[in-house]
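Step one of this worksheet: look at the structure below.
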Amino acid sequence: LARGPMDMQVTDDHVYVCCFYAQEIQVVDLNTFSVTSSIKLQKQPCQIELNPENTIAYVGLIDDDRGAIAAFDLETGNQIFETSDPKIYLLGRSGANGRLGFKFIKFYLSPSGDKIIAAKRYYDMSGIYSAVNGDLLKTFELGDLLGAGFSNSGDTLFCAYLYHSGKRYK
């Protein structure tokens, strides 16, 4: 693999790997365990999610403080959209014993693959975005988004927030 594998998604036939330093998504064939293709990026990828049909990859991208979420057609490698918001941020780096660890703001894809939830303006506002075109659908101002998840049916969204004035979780 190229340098800096950060995240991956596995299907029946392939592994899709975010290669941070190489600025690409590499596709590994599970029959041959070889890299069969790659998607070149302008920014550094840190997270990848696939739609239920495994035809679209949603990629968290870092570029200084201008990170974004981009969608790519997995057959052609063409970019479908890139958001101007939410911002995907590198929150920090740490190292021990010669290893370097990264922490990024995550985004969450609904089970049906039609919605994305992510933090806006760093952490203090969350947004639900269309996974079709990246448009903002709804916002929440509940505190710092710490994590999220959808019910199996996708009709309920669960979020964990840190509410600063009370230093409490919501």
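Computed FRET efficiency, Cβ-Cβ of S34 and N152, R0 41 Å: what is it to the nearest 0.05? Between S34 and N152 the formula returns 0.75. Measuring between their Cα centroids, the stretch 46-75 and the stretch 24-44 lie 13 Å from each other. With R₀ fixed at 35 Å, the C-beta to C-beta distance from T76 to F102 puts the FRET efficiency at about 0.75. The modelled label-to-label distance for the pair S112/V132, using points 7 Å beyond Cα in the direction of Cβ, is 1.1 nm.
A cut-off of 5 Å between modelled amide H atoms, ignoring neighbours fewer than 5 places along the same chain, links H14 with L30. Going by accessible surface with a 1.4 Å probe and the largest first, K40, K87 read K40, K87.
In this structure, E53 and L162 have a Cβ-Cβ separation that, at R0 = 45 Å, corresponds to a calculated FRET efficiency of about 0.80.
The values are calculated or read from the model by the stated rules, or taken from the named source; none is laboratory data. Note that the structure is a prediction, hence the values are computed from the model and not measured. With ideal geometry, Cβ positions are generated from the backbone for all residues, glycine too; neighbour counts draw on all protein chains shown. Ligands, DNA and RNA are excluded from the accessible area calculation, which covers all protein heavy atoms including side chains. Shrake-Rupley method; radii C 1.70, N 1.55, O 1.52, S 1.80 Å.
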